[in-house]
Amino acid sequence: MENVQAVIAATTFICVIFLIITEWIHLTVAAFLGAVILVFTHVMTLNNAIEYISRSHATLGLFFGVMVMVRAFEPTKVFEYLATQMVLLAKGKGKNLLLGIVAITTPICAVLPNATTVMLLAPLIPPMAEEVGVDFVPLLILMVFVANSSGLLTIVGDPATFIVGDAINMSFADYLVKLSLGGAIAVGVIVVMLPWLFREIWHKNLDDLEHLPHPKINHPRVLAVGGLIIAFVLTFFVIGESLPVPISPAAVALLGAALAMLLAHHSQIDSVNNILRDLDWSTLLFFMSIFVLIGGLEKTGVIANISGILAVILGKNIFLGSLVLLFFVGLMSSVVPNIPLVVAMVPLLKQYVVNVGLAPAEVLAPDFAGQFPLAVLPLFYAMMYGATLGGNGTLVGASSNIVAAGISEQHGRRISFQTFLRYGLPVMALQLISAAVYVTIRFLI
């Protein structure tokens with residue numbers, strides 16, 4: 001019976017990915033249908049499905065809260081105003097716009113989760129692209145690449161990186177010393193590829209800047225109060241979890257959402273019904289469905305079996321194991337969102353290093369607070385790079401990709417799987433190769 005359930009879970013997941021790639025049906029419908037099939041065939045009970053969704057409640061709460069805040073401040077026209085200012089600062093040159101997106105996104109994503117940053121900044125892209133006269137889809141894709149890559153600059157920049165770092169008891173400072181340079185190299189790869197990857201936009205020039213539309217800020221008093229709410233939220237995103245009584249980013253985002261709705265309702269710039277109606281519910285449903293699908297693979301032992309095969313192939317060869325793991329996790333992360341992937345892979349990798357005698361059994365304890373043997377750490381470092389950079393490969397590889405696709409669809413353009421792949425495949429390939437070279441030189445030689 002267990003083998004049958006494993007086959008159903010694996011087949012369903014593969015079929016969902018196939019439907020997303022071929023775009024026969026909408027990606028949210030494909031994922032939702034797959035999740036329902038697992039429940040219908042008793043691979044998972046409804047309680048199991050809800051349990052796997054609840055494990056990722058922080059991600060869903062964070063997304064919902066930021067979506068509400070962004071939508072609540074739309075009537076102020078602040079996004080259109082900021083977009084015009086960015087075009088003016090870039091002097092109408094496409095090259096400057098591309099470099100500007102890199103320069104703005106990189107430092108923010110070093111301290112905030114990348115999907116959160118995309119939610120906050122992506123609404124600027126469509127009006128900005130419209131003023132310059134270029135397609136906004138490539139600009140959104142560029143923002144996603146930079147957001148995912150710069151998440152490697154610090155241990156808190158990407159949820160997948162934090163999950164792995166926390167599992168091996170790695171400090172913020174230790175990460176900066178050992179791994180931040182790899183993140184900087186990943187961002188550098190994107191910058192080098194800009195003239196080739198975004199050739200049309202790179203050479204675009206807008207000479208007549210005087211005739212640009214100059215939107216004015218509506219409801220300036222409301223926006224001033226809203227600015228305080230945003231400042232509060234961003235501050236506690238950074239310091240909340242280090243307080244004596246920790247406050248999670250999801251809780252901060254939900255409080256910010258409640259305050260933003262209160263402000264919009266009290267000032268009568270918009271109604272609560274309108275705000276909630278316009279949220280990107282499709283993206284939230286997609287994430288919930290993906291969590292159930294990954295839960296099915298975990299519950300039926302599919303992921304554990306894959307890890308077991310990996311252990312047989314690699315043995316005790318840390319050099320080969322680190323490089324294979326980097327590319328294996330990278331490729332997996334291009335079709336499986338990296339957060340549930342690393343959640344499943346971390347305990348399996350711990351079990352592997354214990355099974356082959358490279359680490360003591362104590363490291364398997366949930367409350368283990370010691371240091372892992374130095375010899376096995378390159379395996380975990382490789383998984384960090386692979387999980388994060390692999391997310392640049394396809395539309396479903398990272399949460400920020402799906403967020404950007406949802407925002408694009410709200411502005412009347414759908415980012416197809418093939419369109420994203422055309423940009424993502426070369427970026428992912430070069431970044432994974434660069435990461436492999438860095439890991440080899442820094443830790444394996």
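Scanning region 1-41 for residues that are assigned to a loop (DSSP other than H, G, I, E, B) and either under 21 Å from the mean Cα position of the chain (by Cα) or modelled with pLDDT under 90 (or both) yields Met1, Glu23, Trp24, Ile25, His26.
Can you pull out the residues in region 329-345 that are of a type in the set (Val, Ile, Thr), open to solvent by less than 10 Å² (accessible area, probe 1.4 Å) and part of a helix (DSSP H, G or I)? It would help to see each step written out before you state the result.
Of the residues in region 329-345, the ones of a type in the set (Val, Ile, Thr) are 329, 335-336, 339, 342-343.
Restricting the remaining residues to those that are open to solvent by less than 10 Å² (accessible area, probe 1.4 Å) gives 329, 336, 342.
Those that are of a type in the set (Val, Ile, Thr), open to solvent by less than 10 Å² (accessible area, probe 1.4 Å) and part of a helix (DSSP H, G or I): Val329, Val342.
Name the single residue, out of those in region 359-372 being open to solvent by 40 Å² or more (accessible area, probe 1.4 Å) and within 22 Å of Tyr175 (Cβ to Cβ), that is nearest to the chain's Cα centre (by Cα). Residue satisfying both the conditions and the ranking: Pro366. Scanning region 142-154 for residues that are modelled with pLDDT under 90 and open to solvent by less than 10 Å² (accessible area, probe 1.4 Å) returns a single hit, Gly151.
Among residues of region 399-419 that are on the phi > 0 side of the Ramachandran plot, those with a Cβ under 9 angstrom from a residue that is open to solvent by less than 80 Å² (accessible area, probe 1.4 Å), sequence gap 6+ or separate chain, pair up as Gly412/Pro126. Taking first residues from region 252-281 that are without any contact (Cβ under 8 Å) to a residue 60 or more places away in the chain and of a type in the set (S, T, N, Q) and partners that are surrounded by 15 or more Cβ atoms within 10 Å (Cβ to Cβ) and outside any helix (DSSP H, G or I), the Cβ contacts under 7 Å between residues at least 6 apart in sequence or on separate chains come to Ser267/His219. Every residue in region 159-195 that is open to solvent by less than 40 Å² (accessible area, probe 1.4 Å), of a type outside the set (Gly, Ala, Ser) and over 18 Å from the mean Cα position of the chain (by Cα), please. Ile168, Met170, Tyr175, Leu179, Val189, Met193, Leu194, listed by residue number.
If only residues of region 263-281 that are hydrophobic (A, V, I, L, M, F, W, C), open to solvent by less than 40 Å² (accessible area, probe 1.4 Å) and under 22 Å from Leu62 (Cβ atoms) are counted, the one that is nearest to the chain's Cα centre (by Cα) is Leu279.
Tell me yes or no: at least one residue of region 8-26 is acidic (Asp, Glu) and surrounded by 15 or more Cβ atoms within 10 Å (Cβ to Cβ). Don't jump to the end; show me each part of the working.
Our first condition is that a residue be acidic (Asp, Glu); within region 8-26, this holds for 23.
If we keep only those that are surrounded by 15 or more Cβ atoms within 10 Å (Cβ to Cβ) as well, we get none.
No.
How many residues does region 230-262 contain that are surrounded by 16 or more Cβ atoms within 10 Å (Cβ to Cβ) and aliphatic (A, V, I, L, M)? Looking only at that region, the number is 13.
Conditions (1) within 19 Å of Leu320 (Cα to Cα); (2) at pLDDT below 85, marked per residue:
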{"residue": "Asn355", "(1), (2)": "yes, yes"}
{"residue": "Ala359", "(1), (2)": "yes, yes"}
{"residue": "Ala365", "(1), (2)": "no, yes"}
{"residue": "Gln371", "(1), (2)": "no, yes"}
{"residue": "Ala375", "(1), (2)": "yes, no"}
{"residue": "Tyr381", "(1), (2)": "yes, no"}
{"residue": "Met384", "(1), (2)": "yes, no"}
{"residue": "Thr388", "(1), (2)": "no, no"}
{"residue": "Gly391", "(1), (2)": "no, no"}
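The condition (being more than 15 Å from the chain's Cα centre (by Cα), open to solvent by less than 30 Å² (accessible area, probe 1.4 Å) and modelled with pLDDT of 85 or more) is satisfied by just one residue among Val70, Val102, Val87: Val102. Can we say Arg413 is open to solvent by 10 Å² or more (accessible area, probe 1.4 Å), part of a helix (DSSP H, G or I) and within 17 Å of Phe136 (Cβ to Cβ)? So Arg413 fails the test.
Restricting to region 373-398, what's the tally of residues that are surrounded by 18 or more Cβ atoms within 10 Å (Cβ to Cβ) and either among the small types (Gly, Ala, Ser) or under 20 Å from Ala115 (Cβ atoms) (or both)? Talk me through it step by step, then tell me what you get.
Of the residues in region 373-398, the ones surrounded by 18 or more Cβ atoms within 10 Å (Cβ to Cβ) are 376-398.
Retained after the next criterion (residues that are either among the small types (Gly, Ala, Ser) or under 20 Å from Ala115 (Cβ atoms) (or both)): 382-398.
Of the residues in region 373-398, 17 are surrounded by 18 or more Cβ atoms within 10 Å (Cβ to Cβ) and either among the small types (Gly, Ala, Ser) or under 20 Å from Ala115 (Cβ atoms) (or both).
The requirement of being in a loop (DSSP other than H, G, I, E, B) and either of a type outside the set (S, T, N, Q) or without any contact (Cβ under 8 Å) to a residue 60 or more places away in the chain (or both) is fulfilled somewhere in region 189-198, by at least one residue. Of the residues making up region 281-290, none is at pLDDT below 85 and under 26 Å from Tyr81 (Cα atoms).
The values are calculated or read from the model by the stated rules, or taken from the named source; none is laboratory data. Computed from a prediction, not measured in an experiment: that's the story for all the values here. Counting neighbours? That spans all protein chains shown, and the Cβs are built from the backbone with ideal geometry, glycine included. In case anyone asks, the SASA skips ligands and DNA or RNA and just uses the protein heavy atoms, side chains included. Shrake-Rupley method; radii C 1.70, N 1.55, O 1.52, S 1.80 Å.
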